[in-house]
1. Which of the aspartates and glutamates could be linked to residue 338 by a straight reach, that is with a Cα gap under 17 Å, when you skip same-chain ones fewer than 8 residues away?
2. Enumerate the calculated ³J(HN,Hα) couplings along the range 304-314 in order (Karplus 6.51 cos²θ - 1.76 cosθ + 1.60, θ = phi - 60°), each rounded to whole Hz, writing x wherever the residue is Gly or Pro.
3. Work the Kirkwood hydrodynamic radius out for the chain: mean of 1/r over every pair of different alpha-carbon atoms, inverted, in Å.
4. Multiplying the sequence separation of residue 249 and residue 315 by 0.36 nm and subtracting their Cα-Cα distance, what value in nm do you get?
5. Roughly speaking, what is the centre-to-centre gap between the range 1-40 and the range 285-321 when only Cα atoms are used, to the nearest Å?
6. Under 20 Å between alpha carbons, and skipping anything fewer than 8 positions from residue 276 in its own chain: which lysines qualify?
7. What are the ³J(HN,Hα) values, in whole Hz, obtained from phi via the Karplus relation 6.51 cos²θ - 1.76 cosθ + 1.60 with θ = phi - 60°, for each residue of the range 225-230 in sequence order, with x given for Gly and Pro?
8. Measure out, as a whole number of angstrom, how far apart the alpha-carbon centroids of the range 322-341 and the range 148-220 sit.
Amino acid sequence: MLWVVIGHSFLGKAGEGPEWENALFYFAYSFHMPLFMLVSGWLFYLTRLTSYTPVWGGQKSVSGERLAVSGKRDSVSGYRLSRKWGYREIVKDKAIRLLLPGLVFSLISFALKLAFPGEMSRQVGMNVNDVVHAILYPYDNPFREFWFIATLFWFFLLTPLWRVALSRDWTKWGMLAVLTVLHFWHPDVELLCIGRVFSYALWFYLGLLISEEEFVDKYLADAKWLVLIGGIAVYAISRLMIHGEWNLEAASFLGTLGGITLSFGLALIADKYIQKLFCGFRNYTYQIFLMGILAQMFVKIMYRHISMPYVGAYLFCLLAGLYVPVLVSKVIEKINWKPLSLCVGLK
């Protein structure tokens, strides 16, 4: 989510700012949404597709099951027993948690664009055709980030497919091969984000697979610096390929893998040495996604009308994108009114 906020923190037009801002923008955009999908798949497996929820890592054990049933944590296994979710329950839960807030913020975006047309890059009209079009074509929604919500919801609808794919070794790796092919060759359909489902399914499934195989605990946790250096090296190679005008699609894919890998390295290092680094906003990532861009939009409007140092305004924009949603969420939690909480994706 931090990469997402960095990607949205440009003050002028995207990619047309100072060199350092452009570098951060292009770097974040080269992998931040695939990483977001991968993490979503990873957490979806842990919280919905398995009976075991990790507390802090380690291996499953009989003692872990026994302690977990009594509500305690096993300091040896780090696992607690949870329940499996049924398909209808998953779809209902995700519709409420994802689609409802998405629709609410789409309407808010409509209202803001109508109220301040001179400050908006894309204009809208408030009529039935525009509203229906925004729902059917999420990437053309006033709240354009709605494409992510629609795409992610598709992946939750495909839960039976993921369960079948992960049930056997040959289906597990066969699905990975199929999704890799579809990632590069798929129909470009904007209706209901179907084209983006094909494009991002590989990353969501990789998250499921990494989680199911306990890949991080088994292979990455003890090689954090190597993971970071490897990710940087892969990303650097992708940039050389782009500058050399080699296969741009392959270079872009390699850059995405490099960015994801170095992010894993950074996260593992932070988990080892500065565990509280993200504690200020880690429990409100979806709220940051929904409200952060609105807070950043306000900062950008302020910057256009008030004289502010560029670097200071950029940092203000970044911090507003992270912490204004956290502040709003905490206020809503204090109000403790269920309908309001659901509108912003809070439980």
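We did not get these values from a lab; they are worked out from the coordinates using the rules stated. What you see is a predicted model; the values in this text were computed from it and never measured. Here the Cβ is made from the backbone with ideal geometry for all residues, glycine too, and neighbour counts use every protein chain on show.
1. Filter leaves 93.
2. For the range 304-314, the Karplus curve yields 6, 10, 10, 6, 9, x, 4, 5, x, 5, 5 Hz.
3. Hydrodynamic radius (Kirkwood, Cα pairs) of the chain is 21.9 Å.
4. Contour length minus the Cα-Cα distance gives 20.5 nm.
5. Each part's Cα centre sits 14 Å from the other's.
6. 224, 330
7. 5, 5, 4, 4, 5, x
8. Result: 32 Å between the Cα centres.
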